[in-house]
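Reading through the C-alpha cells given below for one structure.
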Amino acid sequence: MRSNEAPILWRVENRVGHLVFNRPEAANALNSASGPLLADAIAQAQRLAERGEIGAVLMSARGRQFCAGGDIEEFVERRADLDRLVGEMLDLMHPAIHALATLPLPVVSALQGPIGGAGIAVALSADIVLASTAMKLRGGYSAIGLSPDLGASFQLVRRAGPARAKNILMTNRPLAAEQCLAWGLVDELYAPEALASAALALAEGLAQGATGSLAGIKRLCDGAYGGDLKAHLALEREALLRAARSDDGREGVSAFIDKRAPRFGRASANTT
C-alpha cells in the first residue's frame, strides 16, 4: 500500500534528527521526487547542527529494504536523455551527500534490510552503521551498465579496502549481514526486532554527549584517512555521466525492467 506521507521524512526528538526513507512500496529507491527532499532534510540537519540544536542524526527506513539505490523505473522512462536525468540528480545529491558525511556531529544509520547502489552510499556515510541480521548488500551498478555515485565507491573503499570494494561492485554478488560485519561494512548486528531500539538508544546517547568533542573526533578520524570526498565525487560524476550516455547504460536499465539478461558491449565505445 502506498503511503500518503512524503517519501523522505524529517523530525527532531530528544536532540536527535531523524531522517527516514519512506517509499517502502518502491524499496525506498531514490528518484527525482525523493532526491530533493533528502537534500532538504540534510540541509536542515546541517543548519540545526551549526546552531547546536541537535546532537546526532539517525537514518532509518520504513519497509523491508533500507534503500535499493536509484529508481530504475524512472531511468527507463528517461532513457532517451538518461545522462541529463543523472546529471541533474548528481548536481543536487553530491553536495548533499558531502554535507551529510561531514556533519559536525555523529550520524548513525540503522539498516533493517537490503541496501544497494546509492543506498550503499547513504548508509555508509554514517559514522556508525548498525544492521539487522536480515540486512544484505549488493553493488548493483555494473549489472545495469552504470558506475557508482553519491560516494558509494569511496565509502566501500574506506571501510573494506579497494580489493573488496572492486569485488562488491564488479561481481554484484550479494553479501549477507554477517559477511558485511566481517568486512567492516557495518559495525554491529542485531536481531531484526532489536535494531530500532538499539539504534535509537545509541543516537540519543551520542546526542547528549559533548558535541564539540564528538565533532573533533569525527574531523580528526576522517582527516586521518587522507581521502578527498569532494574530488572523488567529481570523478564519480564524470564516470557515471559517461556511462549514462552509453548504449550499455541504456541497455542495462531496459533489460532490468524487461527481466532479461542485458546485452552489453554492442557499442561500448560510445562513452563520449
Which residue pairs have Cβ atoms closer than 6 Å, lie 6 or more positions apart in sequence or on different chains, and pair a first residue in region 22-38 that is on the phi < 0 side of the Ramachandran plot with a second residue that is part of a helix (DSSP H, G or I) and surrounded by 22 or more Cβ atoms within 10 Å (Cβ to Cβ)? Leu30/Ala118; Gly35/Met89; Gly35/Met93
Would you check if Leu58 is free of Cβ contacts under 8 Å to residues at least 40 places away in the same chain and over 26 Å from Arg245 (Cβ atoms)? no
Looking at region 184-202 only, could you name the residues that are more than 23 Å from Glu236 (Cα to Cα) and not aliphatic (A, V, I, L, M)? Asp187, Glu188, Tyr190, Pro192, Glu193, Ser197
Which condition does Asp81 not pass, out of (1) over 27 Å from Glu193 (Cα atoms); (2) surrounded by fewer than 23 Cβ atoms within 10 Å (Cβ to Cβ); (3) modelled with pLDDT of 95 or more, if it passes all the others? (3)
Among all residue pairs at least 6 apart or on different chains, which show Cβ distances below 7 Å where the first residue, located in region 108-121, is without any contact (Cβ under 8 Å) to a residue 40 or more places away in the chain and the second is buried (at least 24 other Cβ atoms within 10 Å of the Cβ) and polar (S, T, N, Q)? Ala121/Gln155
Report whether or not Arg15 is free of Cβ contacts under 8 Å to residues at least 12 places away in the same chain and closer than 30 Å to Gly216 by Cβ. no
When (1) acidic (Asp, Glu); (2) in a loop (DSSP other than H, G, I, E, B); (3) more than 30 Å from Glu50 (Cα to Cα) are applied to Asp149, the one that fails is (3)
Restricting attention to strands (runs of 3 or more DSSP E) lying wholly within region 4-123, give those where 1 or more residues are among the aromatic types (Phe, Trp, Tyr). 8-13, 16-21
Total residues in region 227-258, condition closer than 15 Å to Gly151 by Cα and out of contact with any Ser or Thr (no Cβ under 8 Å at 6 or more places or on another chain): 10
Residue in region 167-181 that is assigned to a helix (DSSP H, G or I) and free of Cβ contacts under 8 Å to residues at least 12 places away in the same chain present: yes
Take Gly265 and tell me if it is farther than 20 Å from Val122 by Cα, without any contact (Cβ under 8 Å) to a residue 24 or more places away in the chain and either of a type in the set (Gly, Ala, Ser) or surrounded by 13 or more Cβ atoms within 10 Å (Cβ to Cβ) (or both). yes
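The values are calculated or read from the model by the stated rules, or taken from the named source; none is laboratory data. These numbers were taken from a predicted model, which means no experiment stands behind them. So basically every Cβ, Gly included, is an ideal-geometry build from the backbone, and we count neighbours across all protein chains shown.
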